[in-house]
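The values are calculated or read from the model by the stated rules, or taken from the named source; none is laboratory data. If you're wondering where the values come from, they're calculated on a predicted model, not measured in any experiment. Here the Cβ is made from the backbone with ideal geometry for all residues, glycine too, and neighbour counts use every protein chain on show. Side chains included, ligands, DNA and RNA excluded: accessible areas come from the protein's heavy atoms. Shrake-Rupley method; radii C 1.70, N 1.55, O 1.52, S 1.80 Å.
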Amino acid sequence: MIIGIIGAMQEEITPLLKMFQDYKIHKIANNTFYEITHKNIKIFIAYSKIGKVHASITATTLITLFKCEKIIFSGVAGGLHPDLKVGDLLLATKLCQHDVDISAFGHPLGFIPESSIYITTDSTLNNLAKQIAQKKGILLKEGIIASGDQFIHDANKKHFLIKEFKADAVEMEGAAVAVVCNLFNIPFCIFRSISDSADQEADISFDTFLEQAANTSAIFVKEIIEALV
C-alpha cells in the first residue's frame with residue numbers, strides 16, 4: 001500500500017517527519033516530497049504550500065507520479081461552529097469551495113458544472129478514523145469544511161459561510177484535494193485541528209495555537225497509518 005499525506009504548511013508536516021525520522025527526499029515542481037518506508041507500506045509526505053492551486057498540484061503529483069492509493073490531509077482550520085474550540089479535531093464529512101461563484105449564470109454558490117457543490121470524503125477511511133478515536137479516547141467531531149483562497153478573520157464572512165454552506169470549519173486547501181481525489185477515484189480523508197475561531201482575533205490565535213494544533217493532527221495521522229499497516 002502507498003499512502004500520501006499532505007499538509008498545507010511546513011509546520012503541519014514537521015511533527016510527522018519527526019515521528020518517522022528516516023526518509024528519502026524528492027524535489028518536484030519546486031516542492032519537496034518525503035518518502036518513508038514503514039513496516040509493509042510506503043508513505044509520501046508533502047506540504048503543498050497554502051491555497052487550492054498548490055494543494056491540487058501536490059495531490060495530483062502524489063497520485064500520478066508516486067502512485068498513492070489513499071490520501072490523508074492533515075492540518076489546521078478556523079472553527080465556524082460554536083461548539084468547535086481551539087484544539088478540537090474535526091473530520092470532514094464533505095467539503096465545498098466557498099469562493100467559487102458563477103451565480104451570474106443561475107448556479108448556486110460553490111457549484112461547478114459537471115461537478116457539485118460538495119464532495120464527500122471516503123466512508124471507509126472515516127469509519128477507521130472514528131474507530132481509532134473511540135479506542136484512544138480522542139474526541140473526534142464531524143462536519144462540513146469550506147475551502148477558499150482566503151484566510152477568514154471576519155465575523156460577517158464567518159456567519160455567511162455558516163448560513164450559505166452550513167460549514168463547520170474553514171481553510172484553504174481541503175476541497176481542492178477532494179476534487180482531485182474524486183476525479184482520480186482515490187479514497188481520501190481530511191481532518192483538521194482547530195487553530196482559531198475565524199473572527200477578528202483569528203490572526204492572533206492562529207499564530208499562538210498553530211504548533212499545538214498541528215501536533216494534535218499529526219498524532220492522529222500516525223494512529224491511522226498504524227491501523228492501515
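Worth pointing out:
- Residues in region 27-63 that are open to solvent by 50 Å² or more (accessible area, probe 1.4 Å) and part of a strand (DSSP E or B): LYS27, THR37, LYS42, TYR47.
- Identity of the residue in region 132-147, in contact (Cβ under 8 Å) with a residue 24 or more places away in the chain and open to solvent by 40 Å² or more (accessible area, probe 1.4 Å), that ends up farthest from the chain's Cα centre (by Cα): LYS136
- For region 170-179, the condition holds for at least one residue, the condition being that it is open to solvent by 10 Å² or more (accessible area, probe 1.4 Å), touching an Asp or Glu at 6+ places or on another chain (Cβ under 9 Å) and at pLDDT 85 or above.
- Of all residues in region 11-26, those that are within 24 Å of ARG192 (Cα to Cα) and acidic (Asp, Glu) have Cβ atoms under 7 Å from Cβ atoms of residues that are open to solvent by 20 Å² or more (accessible area, probe 1.4 Å) and part of a strand (DSSP E or B), 6 or more apart or on another chain, in GLU12/TYR47.
- Scanning region 86-106 for residues that are open to solvent by less than 50 Å² (accessible area, probe 1.4 Å) and acidic (Asp, Glu) yields one hit, ASP88.
- Residue tally, condition in a strand (DSSP E or B) and either charged (D, E, K, R) or more than 30 Å from VAL221 (Cα to Cα) (or both), over region 69-79: 1
- Only one of PHE165, PHE160, PHE111 that is without any contact (Cβ under 8 Å) to a residue 24 or more places away in the chain and open to solvent by less than 70 Å² (accessible area, probe 1.4 Å): PHE111
- Output for region 64-85, where each listed residue is surrounded by 19 or more Cβ atoms within 10 Å (Cβ to Cβ) and over 17 Å from ILE5 (Cα atoms): GLY78, GLY79, LEU80, LEU84
- Test: residue in region 79-89 that is farther than 24 Å from ASN127 by Cβ and of a type in the set (A, V, I, L, M): yes
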